[in-house]
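Below is one structure, written out as structure tokens; the observations come after it.
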Amino acid sequence: MKKIIQSLAIFALIVPMVLLLTACGNNARTEPSDRHATPTNVRIENGRLRWDNVSTATHHTVIAFVDGEFLSSFTEHITHEHGFGVNSLNLQNILRMDELPLTPRDTMPTFELRVSAQATANYWASHFSEPATFEITHQLSAPTNVRIENETLYWDATNEDGLASFMIFGWYNNKVNDDRAFASAGANVRSFSLSDFPGITSADHIEIFAQSNSYRILASHSVLVPMS
């Protein structure tokens, strides 16, 4: 009998503790009761991705595809009021896939953007929207007659529409290092003093390409010249 009483006493202590822990766990893991509506009327206006307001949403995620393959996602501070700047995709750099030099493209890629209203305290994230698509119209012409004379990089180029600047990289041991050697020159500039280039003395090649100012125009392919 004594053992039965002890067992009942232990049981009486354990059950309330289990119930208490369960209640605490349920309170800590309250799940949303509804899902945000899927954004609609997704379109590109004046270089920005826009969509009709989802009244319950505070922020959104945009995902990008190129030629049907996933490219990247963007989430921070994307609101309905401001939309998403398509130039933020930095398409020229993304298409490089971190591999330099840039190469000429035989066909221009097609981009697809979808948006989702993101999860909040009372709502699950929405499904992703129908896509807004755009095509790259053309690729900029690459600089020509690129040469190094007296520690200065020179090149020729035409002032074509969409030209924003010229990007210059240093190559070390046959690979680029963005952190150590990176510079830019304005669209009307045709020379650059390598003495102003940090760490350039140990580079074995210099790379230059024309950068675009439009999400519809692709950067040119690269031109490499040896340092010596």
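At R0 = 22 Å, how high is the FRET efficiency between R48 and F70 if r is their beta carbon distance? Nearest 0.05 is fine. Let's see the in-between values first.
Numbers: r = 22 Å, r/R0 = 0.98.
Step by step, r from the Cβ atoms, then E = 0.50.
Could you work out the local net charge near V225, counting Lys and Arg as +1, Asp and Glu as -1, over the other residues with Cβ closer than 15 Å to its Cβ?
Details: positive: R147, R190; negative: E149, E151, D156, D204, E207.
Value of the local net charge: -3.
Annotation: amide H-H contacts under 5 Å for H205 (H modelled 1.01 Å from N, sequence separation of 5 or more, or interchain): W171, M227.
Counted by Cβ distance under 13 Å from V115, the other residues give a net charge of +1, where Lys and Arg count +1 and Asp and Glu count -1.
Can you put S212, S165 in order of Cβ neighbours within 10 angstrom, beginning with the fewest? Kindly include the intermediate steps, with their values, before the conclusion.
Values: S212 23, S165 18.
Lowest count first: S165, S212.
Ranked for footprinting exposure by Cβ neighbours inside 10 Å, fewest first, Y154, Y123 give Y154, Y123.
Coordinate-derived values only; no laboratory data. Everything numeric in this text was worked out from a predicted model, so none of it was measured. A quick note on method: Cβ atoms are made from the backbone with ideal geometry, for glycine too, and the neighbour counts reach across all protein chains shown.
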